[in-house]
Amino acid sequence: MIVDPREIKTMDLHAYMLSSIAPRPIAFASTIDKNGNPNLSPFSFFNAFGSNPPIVVFSPARRVRDNTIKHTLENIYDTKEVVINAVSYAMVHQQSLASCEYAKGVNEFEKAGFTAVASQIVKPFRVKESPVQMECKVLEVKETGTQGGAGNLIICEILLMHIDDNILDEHGKIDQHKIDLVARLGGDWYCRASGDALFTVPKPLAKQTSIGVDALPQNIKQSHVLSGNNLGQLGNSESLPDGDEIKNFAESEEGKIILRDLQIKDENVIHQAAKKLLEQNKTREAFCLLMMSTMQ
Ligand SMILES: Cc1cc2nc3c(=O)[nH]c(=O)nc-3n(C[C@H](O)[C@H](O)[C@H](O)COP(=O)(O)O)c2cc1C
């Protein structure tokens, strides 16, 4: 299927974009109007774009339905301040309730049952229940169009971050499990960044460059067993294992057990065993085993 934005209704294009550009973090934006009335709304057109200065951008878009603009945007034009609150699983339903199109001046802190806490630098309130609250000043608003569906990029600088001590690990860093963030996808879909949804991928080597998938021996690259992810893991190595390393692996306890069980010298069987090692993040061991199959 091909989607040409010029030949499709904005509403439908919007749906294709939101389902495929996902999951998106949620900026739970707290603003005030020029009379000091609080407003609180979620926006998933949101991300971080630099840390020096610390810049985040979110976008209250023009309504596709009637091309009107959102209260958050009106408030930003009037007061140029916002508190962006992170959204954890524990608050996702209340957060959703705050996205109701209440009349101007209605306080969504009250409607959604959140606790408003005074900020230290800016006037808008923080959401007490949110694990991270960022006090921001608005540097610029970039309108990307004038039709319904057009974005309004609110470029913000973070002035102060408030981080709940309960989500920190013993090194004072945010524990990705404890913060338990949620993100938005298409339609009514959300996802929760916890449990099995969380996994780590070792960053490519900082000092030395990784060898890359193209440097892998032909029979490994063309394996019927190894997946693209497996090849990516191997390609992230700093070197091909040499003879000594392979010999050491073959003589190690683990190597001996694997090789004893691998009675059949079928390449696919060896690749299956290597795949298992890769799934346990034993990349070097897997690489040695694969190289042994290459040398056969
Ligand atoms: C999780 C979530 C994410 C949303 N993201 C956006 C967004 O990025 N841009 C947008 O214009 N509206 C978004 N909305 C809809 C707004 O929150 C909704 O229109 C809200 O009523 C705007 O409130 P306001 O008029 O008080 O600013 C989102 C709603 C939810 C529940």
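Each value in this text was obtained by applying a stated rule to the coordinates, not by laboratory testing. The shown structure was predicted, so the numbers you read here are calculated from the model rather than taken from an experiment. Don't worry about glycine lacking a Cβ; one is built from the backbone with ideal geometry, like all the others, and counts go over all protein chains shown.
In whole Hz, what ³J(HN,Hα) sequence does the range 224-240 give by Karplus (6.51, -1.76, 1.60; θ = phi - 60°), x for Gly and Pro?
8, 10, 6, 8, x, 4, 4, 5, x, 4, 5, x, 7, 7, 7, 7, 6
By average Cβ neighbour count within 10 Å, what is the ranking of 153-159, 168-174 from highest down?
For the peptides 153-159, 168-174, the packing ranking is 153-159, 168-174.
Counting alpha carbon pairs within less than 8 Å and at least 6 residues apart, what relative contact order, in whole percent, applies to the range 87-229?
15 percent
Tally Lys and Arg at +1 and Asp and Glu at -1 over the other residues with C-beta under 12 Å from the C-beta of residue 3: what net charge comes out?
Cβ neighbours under 12 Å give a net charge of -1.
Along the three principal axes, how long is the range 213-295 when you take its alpha carbons, biggest first, rounded to the nearest angstrom?
Taking the Cα atoms of the range 213-295, the three principal extents are 30, 24, 24 Å.
Looking at this model, which pairs from 178/276; 128/178; 256/282 are more than 21 angstrom apart at the alpha-carbon?
In this structure, 178/276 lie more than 21 Å apart at Cα.
Based on the Kirkwood radius over alpha-carbon pairs, what value in µm²/s does the Stokes-Einstein equation return for the translational diffusion coefficient of the range 5-197 at 4 °C and 1.567 mPa s?
Calculated translational D: 76 µm²/s.
Could you give the angle, 0 to 90 degrees to the nearest 10, between helix 283-295's Cα long axis and the longest principal axis of the Cα atoms of the chain?
40 degrees
Tell me the net charge near residue 183. Cut-off is 11 Å between Cβ atoms, residue 183 excluded, with +1 for each Lys or Arg and -1 for each Asp or Glu.
Around residue 183, the charge tally is +3.
Sorting check: for 62-75, 274-287, which peptide has the highest mean count of neighbouring beta carbons within 10 Å, and how do the rest follow?
By packing density, highest mean first, the sequence is 274-287, 62-75.
Taking θ as phi - 60°, what are the ³J(HN,Hα) couplings along the range 183-197 by the Karplus curve (6.51, -1.76, 1.60), each to the nearest whole Hz, with x for Gly and Pro?
Whole-Hz 3J(HN,Hα) from phi for the range 183-197: 9, 9, 10, x, x, 9, 7, 10, 9, 10, 8, 7, x, 5, 6.
What residue among 239, 41, 59 shows peak mean-square fluctuation when the chain is described by a Gaussian network model with Cα springs under 10 Å?
239
Residue 227 to residue 282: extension gain in nm, 0.36 nm per residue of separation minus the Cα-Cα distance?
Here the answer is 18.2 nm.
Given the peptides 135-142, 195-202, arrange them by the average over their residues of other C-beta atoms within 10 Å, most packed first.
The most tightly packed comes first, giving 135-142, 195-202.
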